[in-house]
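*Asks:* Right, I'll just put the structure down here and ask away after.
The values are calculated or read from the model by the stated rules, or taken from the named source; none is laboratory data. These numbers come from a predicted model, not from an experiment. Counting neighbours? That spans all protein chains shown, and the Cβs are built from the backbone with ideal geometry, glycine included.
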Amino acid sequence: MIENGRGDIANRRFERFDVDCRVKLIRNRIGKTSVHFGRASNISVGGIMLTVPAELEPGESVQIEFNLPNLSQVLQLRGIVRQRLGSYSFGIEFRDVTEQDRQAMIRMCETLKVLDTVGR
């Protein structure tokens with residue numbers, strides 16, 4: 001991914017959509033499991049941007065649980081911390097996504113795209 005001079009990210013693999021939903025983040029670090037709750041600010045088929053009061057490091061593996069408006073299914077996905085923005089905002093890339101979860105994410109993003117278009 002390349003950041004241009006306007007602060008936009010070019011060459012993204014997946015379109016992102018603004019969301020506001022609660023996220024449960026589970027991490028296992030040095031044999032200790034901890035649970036943190038935060039909020040997602042945007043999402044794509046490939047990842048999620050969230051704010052959570054935890055000290056996560058790029059490259060760290062996490063588990064994320066969330067459900068979005070208009071989606072009754074709770075998604076439980078594994079991810080890896082790709083970037084840290086500020087104190088408690090993190091970009092998480094989804095990993096090892098099942099085909100069923102991938103299809104749910106695609107449907108969710110299609111719904112968010114329609115809702116975004118209607119909201120303009």
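*Asks:* When you check SER87 against the structure, is it of a type in the set (Ser, Thr, Tyr), in a strand (DSSP E or B) and either more than 23 Å from GLN103 (Cα to Cα) or at pLDDT 90 or above (or both), yes or no? Show your work before the answer.
*Replies:* Working: of a type in the set (Ser, Thr, Tyr): yes; in a strand (DSSP E or B): no; either more than 23 Å from GLN103 (Cα to Cα) or at pLDDT 90 or above (or both): yes.
So SER87 fails the test.
*Asks:* Within the set of pairs 6+ apart or on separate chains, which have a first residue in region 63-83 that is at pLDDT 90 or above, a second that is of a type in the set (Val, Ile, Thr) and surrounded by fewer than 16 Cβ atoms within 10 Å (Cβ to Cβ), and C-beta atoms under 7 Å apart?
*Replies:* Filtered contacts from region 63-83: GLN63/ILE26; GLU65/VAL74.
*Asks:* Before we move on, is GLU93 among the acidic types (Asp, Glu) and not in a strand (DSSP E or B)?
*Replies:* Values: among the acidic types (Asp, Glu): yes; not in a strand (DSSP E or B): no.
When the stated conditions are applied, GLU93 does not pass them.
*Asks:* Follow-up. For ARG107, state whether it is without any contact (Cβ under 8 Å) to a residue 40 or more places away in the chain and touching a strand residue (DSSP E or B) at 6+ places or on another chain (Cβ under 9 Å).
*Replies:* no
*Asks:* Check whether at least one residue in region 43-57 is touching a residue at least 12 places away in the same chain (Cβ under 8 Å), more than 17 Å from CYS109 (Cβ to Cβ), in contact with a Leu (Cβ under 7 Å, 6 or more places away or on another chain) and part of a strand (DSSP E or B), and report yes or no.
*Replies:* Checked against the condition, which is being touching a residue at least 12 places away in the same chain (Cβ under 8 Å), more than 17 Å from CYS109 (Cβ to Cβ), in contact with a Leu (Cβ under 7 Å, 6 or more places away or on another chain) and part of a strand (DSSP E or B), region 43-57 yields no hits at all.
*Asks:* Answer with yes or no whether GLN76 is surrounded by fewer than 16 Cβ atoms within 10 Å (Cβ to Cβ) and in a helix (DSSP H, G or I).
*Replies:* So GLN76 fails the test.
*Asks:* Further, regarding this structure: Taking LYS24 as meeting all but one of (1) in contact with a helix residue (DSSP H, G or I) (Cβ under 8 Å, 6 or more places away or on another chain); (2) assigned to a strand (DSSP E or B); (3) closer than 16 Å to PHE94 by Cβ, write down the number of the exception.
*Replies:* (1)
*Asks:* Of everything in region 99-115, what is farther than 13 Å from SER44 by Cβ and among the charged types (D, E, K, R)? Give them in sequence order.
*Replies:* Across region 99-115, the qualifying residues are GLU99, ASP101, ARG107.
*Asks:* Can you find even one residue in region 41-62 that is farther than 15 Å from ILE92 by Cα and either modelled with pLDDT of 85 or more or loosely packed, with under 15 Cβ neighbours inside 10 Å (or both)?
*Replies:* Looking for residues that are farther than 15 Å from ILE92 by Cα and either modelled with pLDDT of 85 or more or loosely packed, with under 15 Cβ neighbours inside 10 Å (or both), one finds none in region 41-62, hence no.
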